[in-house]
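Reading through the structure tokens given below for one structure.
The values are calculated or read from the model by the stated rules, or taken from the named source; none is laboratory data. Quick caveat, the model's predicted, so the values are computed rather than measured. Here Cβ is always computed from backbone atoms with ideal geometry, including for glycine, and neighbour counts include all displayed protein chains. In case anyone asks, the SASA skips ligands and DNA or RNA and just uses the protein heavy atoms, side chains included. Shrake-Rupley method; radii C 1.70, N 1.55, O 1.52, S 1.80 Å.
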Amino acid sequence: MQAVRHHPPGGTEKLRIAQEAIPEIDDDEVLVKVHAASVIWMELYWQIYQKDDGTYKTPILGEDYSGVIAKVGSKAPSDSGLQVGTEVMVFMSKAFPTKRSINGGMAGYAKAHFSKMVNKPRSLSLTDAASVPLSALTAWQGLFDHAKLAAGQTLLVTGAAGPTAIWAVQMGKMVGARVVGTASSEQSFELLKSLGVDQILNYKQAKLDSVLENVDVVFDTVSGDTSRQALKTLRKDGILLHLVGKPPDDIGRDPRVIFFIVDMDAEQLAKIGDSIDKGKLKPVVDSVFDFNDVVEAFKKGETGHAHGKIVLKGPNV
């Protein structure tokens, strides 16, 4: 099979398409023939690939992906709904230490523990399903597990048309919150209007703290000075979810600031899938690249101007 391997340190110049064997699975794993994988450009710079001796692992990229089950280990629960031929979406949670393979879904086939996947939403194509797990779970866990967002509250989403923020916008509307989003382009404005955002702010024209106050929850995908402005808009008991790595010290010292790392939760991902099938949520895919165009896909991600998710097709699609 073909696979995209990254040879850090470095960025897109260290991406290579390799030819290698289809992975063997353990008894509690599932082998998936990959249809598509979502592009996480930051993965090129993750520190998790550096070993204790200073050298680097060379992973197959792609934390979340979609595909069709090709083989099921004997210890996978019979009531899981996972069987050969089932269409699934997968989230590996690479950020958490494990003895298992760190290889992801940018390959012809990929393996993962049975708990890392759920049935694809019936209403979605496999391509769109690949865009869901990481970004949607990040928004879900941030808003509901950490911030306890509820109807009637005000949610501010910075960089609101981005791949993760777009889920926060929709989930905020889904639970009855008043949603404010920041953006700067006409394309972003139109996308956010179509999702029912209550107030759209052009961050190039106004500082957040000059036009907003008493915000309950900030879902911050921008960081830096934007975070500092957003903090000033918060209520005294509000929450700022900092999504762009650990916050700078001057921000992180504020007890209202929360940084977390998303983890796979099959029950939550299934609920997200159900909400998609019911029309309450929908994936927004910016662009789809062929497997051989992986460098271009990551370069587009690095621009920071994607509207929704960038997806890479599998090599056999």
Exercise. From the square roots a ≥ b ≥ c of the eigenvalues of the alpha-carbon gyration tensor of the stretch 206-247, which class results: rounded (a/c under 1.5), prolate (a/b over b/c), or oblate?
Worked result: oblate
Exercise. Which links in LYS111/LYS246; LYS193/LYS280; LYS33/LYS71; LYS204/LYS280; LYS71/LYS116 stretch past 21 Å when you go from one Cα to the other?
Worked result: LYS111/LYS246; LYS204/LYS280
Seminar exercise, completed: Sorted on mean Cβ neighbours within 10 Å (highest first), peptides 170-177, 235-242 come out as 170-177, 235-242
Problem set entry | Apportionment of accessible area to carbon and sulfur, the chain, percent (1.4 Å) | 47 percent
Problem set entry | Expected 222 nm ellipticity per residue - DSSP helices of 4 or more, -39500 (n - 2.57), all of the chain, to 500 | -5500 deg cm²/dmol
Seminar exercise, completed: Expressed per residue, the solvent accessible area of the stretch 120-276 in Å² (1.4 Å probe) is about 42 Å²
Problem set entry | Other-chain or far-sequence residues with amide H under 5 Å of TYR56's (modelled H) | LYS51
Exercise. Counting DSSP beta bridges in the chain, what percent are antiparallel, to the nearest 5?
Worked result: 55 percent
Problem set entry | Top of SER80, SER131, SER115 by mean-square fluctuation, Gaussian network on the chain, Cα under 10 Å | SER80
For this session: Starting from the Cα gyration tensor of the stretch 25-164, take the square roots of the eigenvalues, sort them a ≥ b ≥ c, and report rounded, prolate or oblate (rounded when a/c is under 1.5, otherwise prolate if a/b is larger than b/c, else oblate).
Result: oblate
For this session: Any lysines with Cα under 17 Å of the LYS148 Cα? List them, leaving off those in the same chain fewer than 8 positions away.
Result: LYS173, LYS236, LYS271
For this session: Please sort by residue number the trypsin sites (Lys or Arg not before Pro) in the stretch 49-138 whose DSSP state is loop and whose Cβ has at most 15 other Cβ atoms within 10 Å.
Result: LYS51, LYS57, LYS75, LYS99, ARG100, ARG122
Problem set entry | Rounded if a/c under 1.5, otherwise prolate or oblate - the stretch 237-317, Cα gyration tensor axes | oblate
Problem set entry | Max mean-square fluctuation residue, GNM over the chain, Cα-Cα springs under 10 Å, options ASP277, ASP79, ASP209 | ASP79
Problem set entry | Net charge of Cβ neighbours under 10 Å - reference HIS7; Lys, Arg +1; Asp, Glu -1 | +3
Exercise. Which one of TYR49, TYR109, TYR65 has the biggest mean-square fluctuation once the chain is modelled by GNM with Cα springs under 10 Å?
Worked result: TYR49
